[in-house]
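In what follows, a single structure is set out as structure tokens and then discussed.
Nothing in this text is a laboratory measurement; each read-out follows from the coordinates by a stated rule. Here the structure is a predicted model, which is why all the values come from computation and not from measurement. Because the Cβ atoms are built from the backbone with ideal geometry, glycine has one as well, and the counts that use them run over all protein chains shown.
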Amino acid sequence: MTMLDPVRNKTAIIERLLEFGDENAYRWLFKTYSDAEIAAVVRKSRRISPRTGTMLANFYNIPREELRCMRKTSLPKHFWP
């Protein structure tokens with residue numbers, strides 16, 4: 001079993017805990033990473049849901065336009081038959 005490194009795997013860990021974490025996970029997250037590190041992941045991640053992105057945009061005062069998770073996909077409507 002491979003262990004996750006909190007430094008090397010920072011983005012993946014933050015994304016997963018924001019999306020699926022419980023209260024204890026959030027406590028660990030805020031203790032382990034700075035607000036700036038978490039906010040940077042929130043801004044650039046496409047892996048968090050719009051719902052989670054909205055909550056964190058409100059928490060960190062990030063304009064919704066800066067969140068990649070709020071942008072529409074670049075795939076055409078009928079990409080696959």
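Pairs under 6 Å by beta carbon, first residue under 14 Å from Val7 (Cα atoms) in region 19-42, partner in a helix (DSSP H, G or I), six or more apart or different chains? Filtered contacts from region 19-42: Leu29/Leu17; Ile38/Ile14; Val41/Thr11; Val41/Ile14.
Counting only residues that are among the polar types (S, T, N, Q) and closer than 19 Å to Arg68 by Cβ, how many does region 34-49 have?
So the count comes out to 2.
Among the residues of region 1-18, the ones that are in contact (Cβ under 8 Å) with a residue 24 or more places away in the chain and among the aliphatic types (A, V, I, L, M) come to 2 in all. Just checking, how many residues over region 1-33 are charged (D, E, K, R), assigned to a helix (DSSP H, G or I) and more than 19 Å from Leu67 (Cβ to Cβ)? So the answer is 3. Among the residues making up region 23-50, those that are of a type in the set (D, E, K, R) and touching a helix residue (DSSP H, G or I) at 6+ places or on another chain (Cβ under 9 Å) are Asp35, Glu37, Arg43, Lys44, Arg46, Arg47. Note on region 34-57: residues that are outside any helix (DSSP H, G or I) and crowded, with 19+ Cβ neighbours inside 10 Å total 2. Checked against the criterion of being over 20 Å from Pro63 (Cβ atoms), over 14 Å from the mean Cα position of the chain (by Cα) and aromatic (Phe, Trp, Tyr), region 24-36 has at least one qualifying residue.
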